[in-house]
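In what follows, a structure is listed as structure tokens, so that the remarks can point back to it.
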Amino acid sequence: MPETTPEEELDLRFVSAVRDLPGGGEDGTADRTAPVVPGTRLTGEQAIALFDAQAGSRHLDLAARYLRADGHGFYTIGSAGHEANAAVGAVSRRDDPALLHYRSGAFYLARAAQVPGSEPLRDVLLGLVAASDEPISGGRHKVFGNHDLAVIPQTSTIASHLPRAVGIAFSIGRAGKLDVRSPWPADAIVVASFGDASASHSTAAGAINAACRTAFQGLPMPLLLVCEDNGLGISVPTPQGWVAAAHSGRPGLRYFSAAGWDPVACFDAAAKAAAYVRASRSPAFLHLELVRFLGHAGSDAEISYRSQAEIAADYARDPLLGTARLIVAAGLLSPQQVITRYEELRARVKTIAGQAVTHRGLASRAEVTAPLAPRHPDQVACRAATAGSAAAREAAFGGKRPEEAGPLTLADTINRGLADALVAYPELMVFGEDVGRKGGVYGVTRGLARRFGAGRVFDTLLDEQAILGLGLGAGISGLLPVPEIQYLAYLHNAEDQLRGEAASMQFFSAGQYRNPMVVRVAGLAYQKGFGGHFHNDNAVGVLRDIPGLVIAVPARAEDAAPMLRTCLAAAHVDGTVCVFLEPIALYHTRDLHRPGDSAWLSPYASPRRWAHEHVPIGHGRAYGSGTDLTLITFGNGLPMCLRVAQRLTAAGAGVRVFDLRWLAPLPAEQLRTEASLARRILVVDETRQTGGVSEGVITELADAGYRGTIARITSADSFIPLGDAAAHVLLSEAGIEQAARKLLD
């Protein structure tokens, strides 16, 4: 006889155990509106609903395995053993935003039971077969998500969604304070579930700390953290008692716990936790002790690291069996009626699965990428040219509008641009470390907190993951966040919040959810007097690698405000995630060619000129008209190239300078134009030789069929040292001129 598979073993053990249960009284004679046992909030009707959600989730897991075996399914990480989370789905409301662990299948089914017309079994099965009409991601990934159920899709396996959850919880109250329309009710709570192994990840630790600190300060933080603790991180055991020891008794965090195989305890603990969070607007930690059946996934040979005795011992703690046992003991259903209900769900899942495999998958590159980075440039241009009312601007600028002042530096222009944005977008918030009372390390946000209030311009804790998570939560909650990361090097602590969470949201929700955001980052090198690696960082390759992310690099004041307005408008119109990379060394630069020429300053344009000065995403800027040589550059390279071009032009060469301005997307069409105008091109890249910007530029030119001479000059593949030693590894003006003359010769 063939060996019994783990799936068959789990299924048979459940049915056999239910069949052996004592009858528990007459079939179905108990009052289903009454509590199933004295002292509980759980009624008979609710207990049966829990069973249906749990059994449906179990059959979805079994279906995932046979679909994969038949070559139709593509995902086998299941929820078997975690079905107790159905209680959390039942006690939370349909309009409570939920960010779910990948084993929260029963929660999803219980939440869907609150919404008439929902088809959660179909939703999940279409996801398993990657069907293009799957309702949340459109076949791009198997996720628990549904806009109508307020379930926000997550692909996280290491709790990287928790910073966003903290951000949403914060933003519920902040949106109300700013009188901004939010998709969440004012009394909503945020539910975020995760595993015990993920609870030890730095992302989770930082997010939970941020929630506790926010609550400690007396700010609303209606967040229900649900730790689904099965004691294993794939094959690595979580120390017994660790989750409770690490999270009970923490200041600002109320702790609740229950054993997953006791449905009464689970339901009551979940109900108390949700009620506490909703009433107090403070965070709570619900610790569910669970088991994990069928290994980590279909490819996981659990027997290689767990004994048969350990695996068999878990069957007695099956949450589904616990609920069946309660229903029978309460006289709600007989054992046979429970089995019949279970088998009817099996048949229903099998029927829907058979239909799901006939649905088509995504059929083209265009179809796959359609929701990744939607662009509506005409709408963006219109919104970017829209200012706040004259009276509001007058009040914001204290009677002296910036266009009436003299020429400004890059830092001053960004400051005025942010002030204008705060007037034009009532939902906009500026936040980060030191941006409030101090006004930023370099004074870029000075005066904004005083003029617009601490509700809109405020300091955060020192945690880049928390800062970006706040932005992600705010963006999905109807606000327009402008977080600041103090230095580019600090962003690397939190890159996954951009890559795995921000840029992927529209992609994995087929555009149903979005998190508009403009991340201001002080970066690049050449900073004098306060150098070293962490304050002079030129590593932008990791940002250019993120699909859909927009990267703006304004080098001069004349471009800064228009580009900032474009980023904000794109976020508002298209949900775009932008990084606004500000060259530190150019913040306060005044001169270009000679001391005192003030050629790097620029007047601030009045709103009537904003439409004329609009800078579309991916649109660079050319200087000069020569055809002998074009210098292609950005950021700190721009003033150096302009000076080199002036000297070469004086020597008789025809030199153009092209400022990319946008590192993603690159101005590809304009690069093709530049290729047609110059016989020689020198790409001047202040980032690194490997993984820098020049590689992408040269590839664009090669793809365009450029037949002239092309070369590049870059900084070294090195971290940037302190002091004068930085000059040994950074791109220099003398080096640019030498390389240009070599090409011209």
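Brief remarks follow.
- Loop GluC sites (Glu not before Pro), segment 461-541, which have at most 15 other Cβ atoms in a 10 Å radius of their Cβ (DSSP): none
- With respect to the chain, whose longest principal axis is taken over its alpha-carbon atoms, helix 668-677 is tilted by about 30°.
- Prolate/oblate/rounded label for segment 637-722 (Cα gyration tensor, a/c 1.5): oblate
- The chain, dipole about Cα centre (Lys/Arg Cβ +1, Asp/Glu Cβ -1), debye to the nearest 20: 2080 debye
- Cut-off 13 Å between beta-carbons: net charge of the residues surrounding S280, Lys and Arg +1, Asp and Glu -1: +3
- Sorted by Cβ neighbour density within 10 Å, fewest at the top, the residues C578, C382, C212: C382, C212, C578
- Formal net charge of residues neighbouring T203 (Cβ-Cβ distance under 15 Å; K, R +1; D, E -1): -4
- C-alpha center-to-center spacing [segment 483-541, segment 407-472] in angstrom: 16 Å
- Residues with amide H under 5 Å from that of V579, placed H, sequence gap 5 or more: V519, V550, I551, A552
- The chain: angle of helix 319-329 to the longest principal axis, Cα-based, in degrees nearest 10: 30 degrees
- Couplings 3J(HN,Hα) of segment 614-630, computed from phi: 4, 10, x, 4, x, 10, x, 9, 9, 10, x, 9, x, 10, 6, 8, 10 Hz, in residue order, whole Hz [Karplus 6.51 cos²θ - 1.76 cosθ + 1.60, θ = phi - 60°; x for Gly and Pro].
- Note, ³J(HN,Hα) from phi for segment 232-238, Karplus 6.51, -1.76, 1.60, rounded to Hz, x at Gly and Pro: 9, x, 6, 10, 9, x, 7
- Ordering T76, T386, T566 from the fewest to the most neighbouring beta carbons within 10 Å gives T386, T76, T566.
- Amide H contacts of R32 (H built 1.01 Å from N, under 5 Å, at least 5 apart or other chain): none
- Whole-Hz ³J(HN,Hα) from phi, Karplus 6.51 cos²θ - 1.76 cosθ + 1.60, for segment 5-11, glycine and proline x: 7, x, 5, 5, 4, 4, 4
- Taking the number of Cβ atoms within 10 Å of each Cβ as an exposure proxy, the fewest-first ranking of S364, S732, S171 is S364, S732, S171.
- Prolate/oblate/rounded call for segment 125-213, Cα gyration tensor, a/c under 1.5 rounded: oblate
- Three-way shape call for segment 407-553 based on the alpha-carbon gyration tensor, with the a/c threshold at 1.5: oblate
- Selection of trypsin sites (Lys or Arg not before Pro), segment 468-561, meeting DSSP coil and at most 12 other Cβ within 10 Å: K528
- Think of segment 311-425 as having a plus end and a minus end, set by charges on the Cβ of Lys, Arg, Asp and Glu; of Q337, P374, F397, Q337 sits farthest toward the positive end of this dipole.
- Computed from Cα atoms, the angle from the helix 335-356 axis to the main principal axis of the chain rounds to 40 degrees.
- For R712, the residues 5 or more places off, or on other chains, whose built amide H falls under 5 Å of its own are V683.
- 13 Å beta-carbon shell around G241, net charge (K/R +1, D/E -1): -3
Bear in mind that the values in this text are calculations on the coordinates, not laboratory data. In this text, all values refer to a predicted model and were calculated from it rather than measured experimentally. Here Cβ is always computed from backbone atoms with ideal geometry, including for glycine, and neighbour counts include all displayed protein chains.
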